């Protein structure tokens, strides 16, 4: 069994570049299907979720080549419309292939997706959006069979600003006849990045970053070269790591505006934040203090993916911080593991009350989901003694070389096979 061992007590110092965004590259890889040509994607992170997406593309008949952080996808040879159950179970984001496959081939067959167990995350919004665009959808035995004799533009009104449903609708709408309007669309930066890639292929898409997106479908698409944005959640994790351990770090390649809510909370906790056009830095010279309630919300609110690392940092603080999780109902599974390290956390439904303690101690803990695993690493950096973290498959879904990066900043951390 693999584990990460962290010996706390070392302050972090230095500069690192933030790798490409997981939540951006996955829908963009799916979107590469639409052109039927070659797409060259730069700044693609080396993640197991990316590996799974590449495997899906290859199963569909695409030719994929990876050289370092560049992935080349030739979707011309695509000759299938199904995604294997094994890959659907491995990665929840695999559902993003639904709209792309349907748009390209007129049909798509797949099972319901898997991924981190964060509670109920139905894909009904995805299916209703595709249905409104002209798809017939059959659900049998946990499998989805989607068909269309031709997608048509439509005005879609999402009941909630779902990121995945917005992305699936955008991909399918590129292949629909006429204008599609997505109201109450998700506003996340990753949606803007997907729009950038679609436009680079020749699609007519506008409005991403606002609550209304317009797609003029049926445009001829072509291959292109595109650079994936930096991962704002990875950046938030490094910032919370430096807050927990103390020290001063500088992150390159990030848009500081995408981290405004995280930076505001860390500033209130006692950290000094500075930023420029493509960088952000954090300095933490003293202990942290509790902050005003942290309430997760769709972008531009506080990101649910940054909630766990922030909780880990504030577990060792003066005062109390209340967390309110408004996105997923089962996103406090890391709290029990933090309590093994001496954290004082009380969870009631969607609310977690963190009473800061003077110190955390190393312990054997297990990652139960992607961001919860990162939170345990953050906590270990600020704890006394050695923390041993298992369940690394979760961490590897969203962090490229996490321990090597932290080690370059001065952390004493290593990965071992037990």
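Some observations on this one:
- Computed lengthening from residue 46 to residue 274, 0.36 nm per intervening residue step minus Cα-Cα distance: 79.2 nm
- Short to long, the 10 Å bins of the Cα pair-distance histogram for the range 30-187 hold 11, 40, 37, 11, 0 percent of all pairs.
- If the segment from residue 2 to residue 152 were pulled out straight at 0.36 nm per residue, it would be longer than the present Cα-Cα gap by 49.1 nm.
- Geometric descriptor of the chain, per residue, is 123 Å³ (volume of the convex hull of the Cα atoms).
- By average C-beta atoms within 10 angstrom, highest first, the peptides 236-242, 401-407, 16-22, 157-163: 236-242, 16-22, 401-407, 157-163
- Rounded FRET efficiency, nearest 0.05, which uses the C-beta distance separating residue 37 from residue 267 and R0 of 35 Å: 0.15
- Kirkwood radius, the range 165-305, all distinct C-alpha pairs, inverse of mean reciprocal distance: 16.8 Å.
- Computed from Cα atoms, the angle from the helix 232-245 axis to the main principal axis of the chain rounds to 10 degrees.
- Between residue 85 and residue 17, the modelled label-to-label distance comes to 4.3 nm, taking each label 7 Å out from Cα in the direction of the beta carbon.
- Max mean-square fluctuation residue, GNM over the chain, Cα-Cα springs under 10 Å, options 189, 77, 45: 77
- Length released on extending from residue 318 to residue 344, taking residue separation times 0.36 nm less the Cα-Cα span: 8.2 nm
- The chain: angle of helix 22-31 to the longest principal axis, Cα-based, in degrees nearest 10: 10 degrees
- Theoretical FRET efficiency, 1/(1+(r/R0)^6), r = Cβ-Cβ of residue 260 and residue 124, R0 25 Å, to 0.05: 0.20
- If you plug the beta carbon distance of residue 69 and residue 145 into 1/(1 + (r/R0)^6) with R0 = 41 Å, you get a FRET efficiency near 0.70.
- Ordering 149, 109 by the number of other Cβ atoms within 10 Å of each residue's own Cβ, fewest first, gives 149, 109.
- Dividing the helix sum by the residues of the chain, where each DSSP H run of 4 or more adds -39500 (n - 2.57), gives a mean residue ellipticity at 222 nm of -9000 deg cm²/dmol.
- Neighbour-count order for 190, 400, 58, fewest beta carbons within 10 angstrom listed first: 58, 400, 190
- Ranked for footprinting exposure by Cβ neighbours inside 10 Å, fewest first, 328, 112, 197, 97 give 112, 328, 197, 97.
- Choice from 14, 246, 356 with maximal GNM fluctuation in the chain (Cα, 10 Å cutoff): 14
Only the coordinates and a few stated rules stand behind these numbers; no lab work does. From a predicted model like this one, the values you see are computed outputs, not experimental measurements. No Cβ is skipped: glycine too gets one built from the backbone with ideal geometry, and neighbour counts run over all protein chains shown.
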